[in-house]
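Asks: Submitted below is the structure of interest, expressed as structure tokens.
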Amino acid sequence: MNFHEVRFPANLSFGSVGGPERRTEVVTLANGFEERNTPWAHSRRRYDAGLGMRSLDDIETLIAFYEARQGQMFGFRWKDWSDYKTSRATSEVAFDDQVIATGDGETTRFQLIKSYRSGEYIYQRPIAKPVLGSVKVGVEQDELKEAVDYTLDLNTGEVIFVHPPAEELPIVAGFEFDVPVRFDTDRIQTSVASFQAGDVPNVPVVEVRV
């Protein structure tokens, strides 16, 4: 797919507004009850990059980045400051943050995931864009070494083990990650006068499936 493995400047995404959205189809029946269904297995995130602009230099950086992506044509990495790692916001990433799978003695490739838990319910989000140098992987209580025990595909978020983990052993991981996104507009309108007066441009960004 048309994707550039480059991150939108993190200092500009800081201060942006956005988060997950879902698509739910709601039908109200004649008796007042509802039937709800969703065609999406996973949520999709949207952001407004314009709110992170603080100076005219930021605007110049934004326009250069936008032009290099040819508008909506090419996707890119985005740091969501409210949700970018597997640990708690105030904690450091650890190799046993998340259980991503269970070994079966045969499989060697496993997708990185982040789990969102509320009570007894859980949602598992596939992570396709881990951050280089941040990924830690282990099996049960043992942390493993990258390039010795496993390799990592940064383009897909897959962990590839040299030897398949034994049956019923939990495979754990901790990491930072980016969101694959694209610009959701073919036009960016800026004005030096309006920006200096406090009016920031609207720059919508939307998550893409990879």
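Asks: I'm told Ile171 meets every condition in (1) free of Cβ contacts under 8 Å to residues at least 40 places away in the same chain; (2) surrounded by 21 or more Cβ atoms within 10 Å (Cβ to Cβ) except one. Can you identify the failing condition by its number?
Replies: Ile171 satisfies every listed condition except (1).
Asks: Please name all residue pairs, on different chains or six or more residues apart, with Cβ atoms under 8 Å, provided the first residue is in the range 127-156 and is closer than 20 Å to Thr102 by Cα and polar (S, T, N, Q) and the second residue is open to solvent by less than 90 Å² (accessible area, probe 1.4 Å) and part of a strand (DSSP E or B).
Replies: Between residues of the range 127-156 that are closer than 20 Å to Thr102 by Cα and polar (S, T, N, Q) and residues that are open to solvent by less than 90 Å² (accessible area, probe 1.4 Å) and part of a strand (DSSP E or B), the close pairs are Thr151/Val159; Thr151/Ile160; Thr156/Gln111.
Asks: Only residues that are in a strand (DSSP E or B) and either open to solvent by 60 Å² or more (accessible area, probe 1.4 Å) or of a type in the set (Phe, Trp, Tyr) (or both): list them for the range 1-20, please.
Replies: Of everything in the range 1-20, those that are in a strand (DSSP E or B) and either open to solvent by 60 Å² or more (accessible area, probe 1.4 Å) or of a type in the set (Phe, Trp, Tyr) (or both) turn out to be Phe3, Glu5, Arg7, Val17, Pro20.
Asks: Here's something else I'd like to know. If you go through the range 4-19 one residue at a time, do you hit one that is under 23 Å from Leu132 (Cα atoms) and among the aromatic types (Phe, Trp, Tyr)?
Replies: Yes - at least one qualifying residue is present in the range 4-19.
Asks: With the structure loaded, tell me whether Ala94 is within 24 Å of Val208 (Cβ to Cβ) and open to solvent by less than 90 Å² (accessible area, probe 1.4 Å) or whether it fails that test.
Replies: no
Asks: Looking at the range 50-73, is at least one residue touching a strand residue (DSSP E or B) at 6+ places or on another chain (Cβ under 9 Å) and assigned to a strand (DSSP E or B)?
Replies: no
Asks: Return a yes/no flag: does the range 138-152 have any residue that is open to solvent by less than 20 Å² (accessible area, probe 1.4 Å) and among the aliphatic types (A, V, I, L, M).
Replies: No, that holds for no residue.
Asks: Would you mind telling me which numbered condition in (1) free of Cβ contacts under 8 Å to residues at least 40 places away in the same chain; (2) not assigned by the TED database to the domain that holds Asp48 Ser194 fails?
Replies: Of everything listed in (1) free of Cβ contacts under 8 Å to residues at least 40 places away in the same chain; (2) not assigned by the TED database to the domain that holds Asp48, Ser194 misses just condition (2).
Asks: Let me ask something additional. Can you name every residue in the range 78-127 that is hydroxyl-bearing (Ser, Thr, Tyr) and part of a loop (DSSP other than H, G, I, E, B)?
Replies: Ser82, Tyr84, Thr86, Ser87, Thr90, Ser91, Thr107, Thr108
Asks: Let me ask something additional. So which residues in the range 189-210 are at pLDDT 85 or above and hydrophobic (A, V, I, L, M, F, W, C), if there are any at all?
Replies: Val203, Val205, Val206, Val208, Val210, listed by residue number.
Asks: Looking only at the range 25-77, which residues are open to solvent by 60 Å² or more (accessible area, probe 1.4 Å), in contact (Cβ under 8 Å) with a residue 40 or more places away in the chain and of a type in the set (Lys, Arg)?
Replies: Of everything in the range 25-77, just one residue is open to solvent by 60 Å² or more (accessible area, probe 1.4 Å), in contact (Cβ under 8 Å) with a residue 40 or more places away in the chain and of a type in the set (Lys, Arg), namely Arg46.
The values are calculated or read from the model by the stated rules, or taken from the named source; none is laboratory data. Computed from a predicted model, the values in this text were never measured in an experiment. Heads up, the Cβs are rebuilt from the backbone with ideal geometry, glycines too, and the neighbour counts pull from every protein chain shown. The area values use the complete protein model at the heavy-atom level, side chains included, leaving out ligands, DNA and RNA. Shrake-Rupley method; radii C 1.70, N 1.55, O 1.52, S 1.80 Å.
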